[in-house]
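J.: Below you will find the structure I want to go over with you.
Laboratory data are not the source of any read-out in this text; all were calculated from the coordinates shown. Just so it is clear, the structure is predicted and the values come from calculations on it, not from any experiment. Glycine also receives a Cβ, built like all others from the backbone with ideal geometry; neighbour counts cover every protein chain displayed.
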Amino acid sequence: MKLAHGSLSLVLALALATPSFAVTRTRSMPLLGRTALSGYFGLGVPAGDFSSQALGLGNHDTPGYHWAVEVEHFFAPALSIGFAYKGARYEDKDLADSLRTNLMSWGGFLKYTVPTGTDFHPYLWFGMKGMEVEFDSPRENVDADYSFAVDFGAGLAVMLGRMVSINGAIGYAHGWTEEAYIPAADAIVGFDVSYWEFLGGLSFYFP
């Protein structure tokens, strides 16, 4: 009788403890239905024609300076859709800041955030955007027409509470800018834009 009573007590203790654990795990990532505003800053590494020293190609130096502002909405437990506005600045390998290339892009993205049950959330994203190439020198500043571009990458968000996370991300972007027309110079860009970017930033979650 004592054995049966002891076993029953153990079963009841486990039954009471299990829901508490489950609730704790569920509450660790309360993002569904919320909106996040994020800011990033970091460095970029040119790739392909954007970096090449061949005649007529990019000849851009490392590093470039990158920033981004994003807003996204978590419409499913692990999925969010958002809008990003990004900028970058690169210098010529030979002329340094006497010839800068500024990149501005905007567009949408889809992000998958891994539901780990902890405050550490890896994520993957894919985006499509329009990209503008701007050549800046002491004599003149000329802009090309917008071109189609894509970017994708992976990152990690660490929740610092319910309202804030600190983020790190690695991404790759490619813009089909070679034929983009520059009205002020009656010329084309002449190369595609490709780069790796390494970003850090903060996200603020509402409500």
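J.: Counting Lys and Arg as +1 and Asp and Glu as -1, what is the net charge of the other residues whose Cβ lies under 10 Å from the Cβ of residue 111?
T.: -2
J.: Next up: So what is the 222 nm mean residue ellipticity for the chain from helices alone, if each DSSP H run of at least 4 adds -39500 (n - 2.57) and you divide by all residues, rounding to the nearest 500 deg cm²/dmol?
T.: Value at 222 nm, helices only, nearest 500: -4500 deg cm²/dmol.
J.: With point charges of +1 on the Cβ of Lys and Arg and -1 on the Cβ of Asp and Glu, referenced to the Cα centre of the chain, which listed residue (149, 128, 185) lies farthest in the positive direction of the dipole?
T.: Looking along the dipole axis, the top candidate is 128.
J.: Here is a further query. Would you mind estimating how fast the range 24-124 diffuses translationally, via Stokes-Einstein at 37 °C and 0.692 mPa s with the Kirkwood radius over Cα pairs, in µm²/s?
T.: This corresponds to a translational diffusion coefficient of 206 µm²/s.
J.: How many nm separate the modelled label positions at residue 53 and residue 79, each set 7 Å beyond the Cα in the direction of the Cβ?
T.: Computed distance between label sites residue 53 and residue 79 equals 4.7 nm.
J.: Separation of the range 87-103 and the range 181-207 by C-alpha centroid, Å?
T.: 13 Å
J.: Ok, one more. Cα axis of helix 2-27 to longest principal axis of the chain: angle in degrees, 0 to 90, nearest 10?
T.: Computed tilt is about 20 degrees.
J.: Still on this structure, please answer the following. Where in the range 179-202 does the amide nitrogen come within less than 20 Å of the point 7 Å from the Cα of residue 164, taken along Cα to Cβ?
T.: Correct set: 199-202.
J.: What is the dipole size for the range 36-92, taken about its Cα centre, with +1 at each Lys and Arg Cβ and -1 at each Asp and Glu Cβ, in debye to the nearest 20?
T.: Its charge dipole is roughly 140 debye.
J.: Seen from all sides and averaged, what is the projected area of the convex hull of the Cα atoms in the range 31-206, in nm²?
T.: Averaged projected area of the range 31-206's Cα convex hull equals 9.8 nm².
J.: Dipole size in debye (nearest 20) for the chain around its Cα centre, Lys and Arg Cβ +1, Asp and Glu Cβ -1?
T.: 1920 debye
J.: Calculate one ³J(HN,Hα) per residue across the range 153-165 by plugging θ = phi - 60° into the Karplus curve 6.51 cos²θ - 1.76 cosθ + 1.60, and present them in order as whole Hz with x for glycine and proline.
T.: Rounded to whole hertz, the list is x, 9, x, 9, 10, 10, 6, 9, x, 6, 9, 9, 9.
J.: Also, I was wondering about something else. Please give the length that would be gained between residue 179 and residue 104 if that part of the chain were fully extended, namely 0.36 nm times their separation in residues minus their C-alpha to C-alpha distance (nm, one decimal).
T.: Once the chain is fully extended between residue 179 and residue 104, it gains 25.3 nm.
J.: For the range 61-69, in order, what is each residue's ³J(HN,Hα) by Karplus, 6.51 cos²θ - 1.76 cosθ + 1.60 with θ = phi - 60°, in whole Hz (x at glycine and Pro)?
T.: With the stated coefficients, the range 61-69 comes to 8, 10, x, x, 10, 10, 8, 7, 10 Hz.
J.: Relative contact order of the chain, please, whole-number percent, based on alpha carbon pairs below 8 angstrom and at least 6 residues apart.
T.: After rounding, I find 20 percent.
J.: Could you tell me the calculated FRET efficiency between residue 140 and residue 116, based on Cβ-Cβ distance and R0 = 45 angstrom, to the nearest 0.05?
T.: Result of the calculation: an efficiency of 0.30.
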